[in-house]
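The values are calculated or read from the model by the stated rules, or taken from the named source; none is laboratory data. This is a predicted model, so every value here is computed, not measured. Here the Cβ is made from the backbone with ideal geometry for all residues, glycine too, and neighbour counts use every protein chain on show.
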Amino acid sequence: MGDNRTLFVSDVPTTDDQFETHSKIAKQMANFIEGLSEGTTIALKGKWGSGKSSVIEILKEKTKEKSNFKIFVFDVWAELGHNFRQAFLLNFLDWSTQEFGKDLFEEPESDYEKRRLEIIGKRKKIMRNVTPTNRTALLHLFVLILMLTLVPNFISFLLNNLSTGVVRILSFLAIYSFPLTILLAYYFISVKEEIFKSIRKKSLNKFWKKFLYILYYIFYIIVGKYGIWLWLVSYGFWVGLSIKYLVNPQSFNENFILLLSVGIYLAIPISIWLATMITKKTKNLIPIVSMYSGLLIGNFTDHEETRSLGDNSLDFKKEFIDILNKITTRKNGKIKIIIVIDNVDRIPEEKVDEVFAALKPFMISDESKKNNVLKNVFYIIPFDPGGIRIETDKGGYDYFNKLFKKEFYVPEPVYGSWHLFLDKLLKENGINIDEHIFEIALQIGRELKIYLDSYSENNKKDNKDSREYYGKNEFNPPTPREIKKFINNFISVCPRNEKASKKDIFPYALFAALKTYGILESSSNLEEILCEEIIEDTENEKENEKELKKDKNRKSFFENFLIRKGYTGYSFIDIENLEHQIFGIYYNISPQESYIVLNRVEIEKILKTPSYTTKFKDFISSIPKLTKNDTISGTLKEIFKGLNERIFNTEPQILVFASIYLKELKELKEEVYNELKDIVFSFLREQVDNDRELVSKIDNLFEIEADDQENNILKALSFIYSESGIDLINPVLKYSKYKGIALETIIFEKVDVDMNNLKKGFDISKEDAEQIIIILESIGEKYNDINFNMKDRIEKILYKTMIVNEKVVEQILEFYKNGEIDESFLNVLKGLSLILELNSFKQEKESIYELILSNFEILRNKVISNQNIDNPRRKLFSKYLLTIYRYYYNLKFEERVLHMIKNNWKKIATISETDTKKFVESAIFTIIVTCPKFFNVEFDNNFLDEVLTNTDQKILEDLIKEYEMIGLMKKEEIFKLYDKLTNISSKHINRINIFYKIICENLLENEKKDLEWIFKNYKTLRTIGFSQEEILEYVKQIAEVEEYSIEKLEFNESNIELWDEFLELEEKKREELKARIVEQIRDKFENFKETLFVDLEFYEFCTKYEIKIVESLHKYIFEGILNLELLSDAKKVDIIMEFIKKQNEEFKLEFIRDIKGSIRDIIYSNKSTTDIIENVSNILGQFNPILRILVNEKKLKNELSDESFIDSVKNITPQPSEHIQEFLNMMKMQEEKQ
């Protein structure tokens, strides 16, 4: 690219049709107008810069050769500051004289100028009335003139030159005629205009008419225009020749010239006098004596009037039509005047209305019928439909659009045409760069403009979908004017560089495009587009905002736009540095410096503001890669030096706080930090001579209300120590009036301090006790969230910095005994209890517990007394009891709390406000369900009923969680308490079940997960309301995350269904679990004889998982099955049959022997035959189906084929029962098979 700094693309309308559409439109318009016999109004529509003015220029070119076409173009925007009627008439008058000559008005040039002055209101019309005081003054004047000139000449002629000849006479006469010459010159000037006006007005009679008009032009030139000068020149010659003659008459040879000059001198005045006489304008002789008005004429009066022809519509119309008449007359009516009102779309809406209010009377068809001259006038209004602004109360755009009878449209250029036009202009201006990058730059500028306009408009409408345009890909080709403006913008900013790459050139091209579309009109536009971050609308805007805050690579509005639209795919678009390059171009600095320079003021503001902002971190994170570290460190050094001179040297705490930004600088730009740290810390070392004074100033930082202010202060102090060795943390913990807040921040905000460097800063004074209260209160507030690691941190920090003993606690209790007790006191007690559980402070636990116990009643009276028993205090009282009971739990406190409940029950029972009553009694029930000693204290008879009635389920659940009451609930005792409560108050069993379910839910969710406890208490858990699915879900959670001891799992008749699900769940451990079940059955068989072994579900369970019972239990299984009464119940029989099948052979053999033994015992008993038959029949009826299966096994069949047993059965009766006969037949069949 050559040196283009002197290049410029003109944007004037042209007849050079680059797009091949403008000529066609101009031709169509010319043909249309030529085909009409009457004038009309035509709209030429097209977007701004599309070439409407060029169409008009081409139309003028095409109609230039046609004498009956004349085009007048009036630029209304150029005349915006003037009165429209004046400006229009003046331009129209000038145009008409240029097109048709100034003689169009049949007047001298001076009259044309007067008409112009009348239009613009600068011509004054003076009417003078003169009243002479002496009617003979005129006669006296002429007598005086004759006496001064003619008489002396005549005397001279007679006396001295009578005989000398004509030449001598005329010579003397020239000298004596000088006064007359001066007087006549004034007279000529006065009467000349009146003479020629009279000649033009054609008011002469016929005799003189032809004669005067023949001589008119000759007379006008000789007398009218140059007569006065010709007359004076002739007089000059006369005088000169006369002097020459009088000096040397002998050598004088110019007689002819002398006579000619005298003739001219006399002829011109005579001609003017004759003209004056002919036109009867003798009144014009009066002005000649005006110079003597003070002497000869008495009084005269003047009437002055100044008026513009544009002041009202009637004068405007009269003048406009008069000019049209002149033109039409000159062309004998054969002319079409085309009036173009251009740039209407650029003027304000009130001016649009003014323009068309003035012209509308001539543009409507009815007016042309009244005045024939208007039929020859055509109006063309080029405009952008989107740019017309007419007030809605005056009809708006629709009203404007109705003025037009015909419309022509200048289309936007199609891709190929504008592309070629751009390429042509680039080459013409010596820009030899691939036009593709210009195309992309224009496309980005155009799309961004559309998006911003859409976004702004949607914001006005509060439209949630205002960013919807991101998804669109629309591009309207640039207009010719936009292309020219773009190239001019590019030329003005892009430096000469022959070797510049596309990537180097593109930022200038994009900058030019953004300027072209009005996007970068000011620095605020620049910052809004290139700096402000964007958050996209989503279904959950808050969640999206959180995600953006986490994202360290947040993008600016502009960068986000380029990414969304896919422009980052072009290799010549350097997305990381593009914004900074545009910044540099705008401010005329290098891209490497732009970011730092532009943010310098903001950086200085950040560093001198004693409250934290993420802007510094964002600034450092966003520094472009092309910015050198030297530039960054140099700028920061200058800023710190300047701030030190102005602020830091007197306000060192500001420098202390600013160190937090040094921490961020080190994390992000360590090299820059290393260049900067020495100078910054040297400033700080100058201020640390007096610790107390510096800490008092640091205290000012703690008083600032800002997010995380304390945390940021301590981070800064910690960083200063780690980087420079300047210790400000210990002085703060020793001298600051905010030392409690500081230490609390160190503990819980996890400020990275060197714990080995911490020193004792708190003593046992009253003031420090108040600071310790702050720390204890904070620990108490966070009690439930403090884990093991946090406890370890608390212990290390407190042990290093403060003393916790009986004297300190005594000061704390004194503070509350002398002051007001509120919930903060309860948090202090919680915090203190946690500290006393730490190893470093355990030795103080017993003495401090005794101290609190000794003050228990005093503190209770501060909480609630006969004088202070409102509902909030009652709630506080119940929380006080819970706090002492939960966090200082031992037998002494337990008894004291129970007796305090008993002693204050009457006050509690009188509570009338429902919510308070529910809260207090829910708190009492929370204590009862964890306190076995409750049942040892004698309460009022209605106490438990009252408490159970008013305990609220939700409040109970909240209190259990808030006070971590689960920690006091012994799992092995909880259901013992449950049983006692249900026995004492059986009518409330449903409410007790609900409450205990809440307790157990908290146990299962928060305590150490214990499968043993679940299996053991499965039945009770079901009783209090847990579903099988709920319990199984807890079991799954435990089994998935924790190891459990199979040996501790209990199996019984109440948890068979749980075992069933558990074996399904734990497939890998199933065999081990089955072995545990077999073991439990073997060891607890005495407990299962009347429970498990008579439960059909047990046999189904064993069959499902093929659990084999040890053969030693055969007898108990047989008795259990016998008690199931299988007779006539096929389902039971099937279940037992399947169970027996799954058992091993030894068990089956023993089972058969149990059947045989049972039958033998009956047969050989002392019972009657009938009873024997019935009992044996009953046994065989139950077991025949089982025996039928078992007999198929050889060993079992041999056991059943015992002849002595079969014979004993046969011998019971000659008439065996059905079941006995069935058994005998079965055995006979087996014998026959053998």
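Taking residue 637 and the conditions (1) within 30 Å of the chain's Cα centre (by Cα); (2) in a helix (DSSP H, G or I); (3) among the basic types (Lys, Arg), which numbered condition does it fall short on, given that it satisfies the others?
(1)
So is residue 1067 of a type in the set (D, E, K, R) and over 30 Å from residue 918 (Cα atoms) or not? Talk me through it step by step, then tell me what you get.
Details: of a type in the set (D, E, K, R): yes; over 30 Å from residue 918 (Cα atoms): yes.
Against the criterion (of a type in the set (D, E, K, R) and over 30 Å from residue 918 (Cα atoms)), residue 1067 qualifies.
On the given criteria, is residue 595 in contact with a Phe, Trp or Tyr (Cβ under 8 Å, 6 or more places away or on another chain) and within 30 Å of residue 651 (Cβ to Cβ)?
On the way: in contact with a Phe, Trp or Tyr (Cβ under 8 Å, 6 or more places away or on another chain): yes; within 30 Å of residue 651 (Cβ to Cβ): yes.
Considered against the rule, which asks whether it is in contact with a Phe, Trp or Tyr (Cβ under 8 Å, 6 or more places away or on another chain) and within 30 Å of residue 651 (Cβ to Cβ), residue 595 comes out as yes.
Restricting to the range 1211-1234, what's the tally of residues that are assigned to a helix (DSSP H, G or I) and either touching a residue at least 12 places away in the same chain (Cβ under 8 Å) or in contact with a Gly (Cβ under 6 Å, 6 or more places away or on another chain) (or both)?
The total comes to 10.
So, in the range 935-969, how many residues would count as being among the basic types (Lys, Arg) and without any contact (Cβ under 8 Å) to a residue 24 or more places away in the chain?
1
Being surrounded by fewer than 19 Cβ atoms within 10 Å (Cβ to Cβ), part of a helix (DSSP H, G or I) and of a type in the set (Gly, Ala, Ser) narrows it down to one residue among 1165, 1177, 1208, 1128; which is it?
Every option except 1208 fails the conditions.
Looking at the range 640-668, which of its residues are outside any helix (DSSP H, G or I) and surrounded by 20 or more Cβ atoms within 10 Å (Cβ to Cβ)?
Within the range 640-668, none qualify.
Hey, does the range 1041-1055 have a residue that's more than 60 Å from the chain's Cα centre (by Cα) and of a type in the set (Val, Ile, Thr)?
No, the range 1041-1055 has no match at all.
Do we have residue 948 as surrounded by 18 or more Cβ atoms within 10 Å (Cβ to Cβ), touching a His at 6+ places or on another chain (Cβ under 9 Å) and in a helix (DSSP H, G or I) here?
On the way: surrounded by 18 or more Cβ atoms within 10 Å (Cβ to Cβ): yes; touching a His at 6+ places or on another chain (Cβ under 9 Å): yes; in a helix (DSSP H, G or I): yes.
When the stated conditions are applied, residue 948 passes them.
Looking only at residues in the range 684-701 that are touching a helix residue (DSSP H, G or I) at 6+ places or on another chain (Cβ under 7 Å) and not charged (D, E, K, R), which one is surrounded by the most Cβ atoms within 10 Å (Cβ to Cβ)?
Among residues in the range 684-701 that are touching a helix residue (DSSP H, G or I) at 6+ places or on another chain (Cβ under 7 Å) and not charged (D, E, K, R), the one surrounded by the most Cβ atoms within 10 Å (Cβ to Cβ) is 698.
Of all residues being at pLDDT 80 or above and among the aliphatic types (A, V, I, L, M) in the range 429-441, which is nearest to residue 510 (Cα to Cα)? Just the residue, please.
Once the filter is applied, the top-ranked residue is 441.
Return the only residue of 420, 374, 426 being over 36 Å from the mean Cα position of the chain (by Cα), in the same structural domain as residue 75 (by TED's automatic domain parsing), of a type in the set (A, V, I, L, M, F, W, C) and modelled with pLDDT of 70 or more.
Among 420, 374, 426, only 374 is over 36 Å from the mean Cα position of the chain (by Cα), in the same structural domain as residue 75 (by TED's automatic domain parsing), of a type in the set (A, V, I, L, M, F, W, C) and modelled with pLDDT of 70 or more.
Of everything in the range 702-734 that's assigned to a helix (DSSP H, G or I) and of a type in the set (D, E, K, R), which residue is surrounded by the fewest Cβ atoms within 10 Å (Cβ to Cβ)?
723
Do you know which of the residues in the range 231-270 that are surrounded by fewer than 16 Cβ atoms within 10 Å (Cβ to Cβ) and not in a helix (DSSP H, G or I) is nearest to the chain's Cα centre (by Cα)?
Only one residue tops the list, namely 254.
Can you tell me how many residues in the range 1065-1086 are within 60 Å of the chain's Cα centre (by Cα) and not in a helix (DSSP H, G or I)?
4
Out of 1107, 1136, 1117, 1155, I need the residue that is over 60 Å from the mean Cα position of the chain (by Cα), not in a helix (DSSP H, G or I) and not aromatic (Phe, Trp, Tyr). Which one?
It is 1107.
I want to confirm something. Restricting to the range 480-493 and keeping residues that are within 32 Å of the chain's Cα centre (by Cα) and over 18 Å from residue 588 (Cα atoms), which single residue is surrounded by the most Cβ atoms within 10 Å (Cβ to Cβ)?
So, considering only residues that are within 32 Å of the chain's Cα centre (by Cα) and over 18 Å from residue 588 (Cα atoms), the one surrounded by the most Cβ atoms within 10 Å (Cβ to Cβ) is 486.
From 841, 788, which residue is more than 27 Å from residue 920 (Cβ to Cβ), hydrophobic (A, V, I, L, M, F, W, C), surrounded by fewer than 20 Cβ atoms within 10 Å (Cβ to Cβ) and over 53 Å from the mean Cα position of the chain (by Cα)? Write out each step before concluding.
Numbers: 788 fails: over 53 Å from the mean Cα position of the chain (by Cα).
Answer to the selection: 841.
I need a count of the residues in the range 818-830 that are under 16 Å from residue 852 (Cα atoms) and modelled with pLDDT under 90.
Of the residues in that region, 2 qualify.
State whether one or more residues within the range 685-701 are assigned by TED's automatic domain parsing to the domain that holds residue 733, at pLDDT 90 or above, within 28 Å of residue 621 (Cα to Cα) and outside any helix (DSSP H, G or I).
no
Mind checking whether some residue in the range 329-344 is within 60 Å of the chain's Cα centre (by Cα), assigned to a helix (DSSP H, G or I) and at pLDDT 75 or above?
The first filter runs over the range 329-344 and keeps only residues within 60 Å of the chain's Cα centre (by Cα), leaving 336-344.
Right, trim to assigned to a helix (DSSP H, G or I) and you get 344.
So of that shortlist, the ones also at pLDDT 75 or above come out as 344.
Yes, because at least one residue in the range 329-344 is within 60 Å of the chain's Cα centre (by Cα), assigned to a helix (DSSP H, G or I) and at pLDDT 75 or above.
Out of the range 217-235, which residues are modelled with pLDDT of 75 or more and either out of contact with any helix residue (DSSP H, G or I) (no Cβ under 8 Å at 6 or more places or on another chain) or not assigned by TED's automatic domain parsing to the domain that holds residue 174 (or both)?
233 - this is the single residue of the range 217-235 that is modelled with pLDDT of 75 or more and either out of contact with any helix residue (DSSP H, G or I) (no Cβ under 8 Å at 6 or more places or on another chain) or not assigned by TED's automatic domain parsing to the domain that holds residue 174 (or both).
Need at least 1 residues that are at pLDDT below 90 and closer than 27 Å to residue 864 by Cβ per element, so show me which helices (runs of 4 or more DSSP H) inside the range 745-817 make the cut, counting only ones lying wholly within it.
766-781, 806-817
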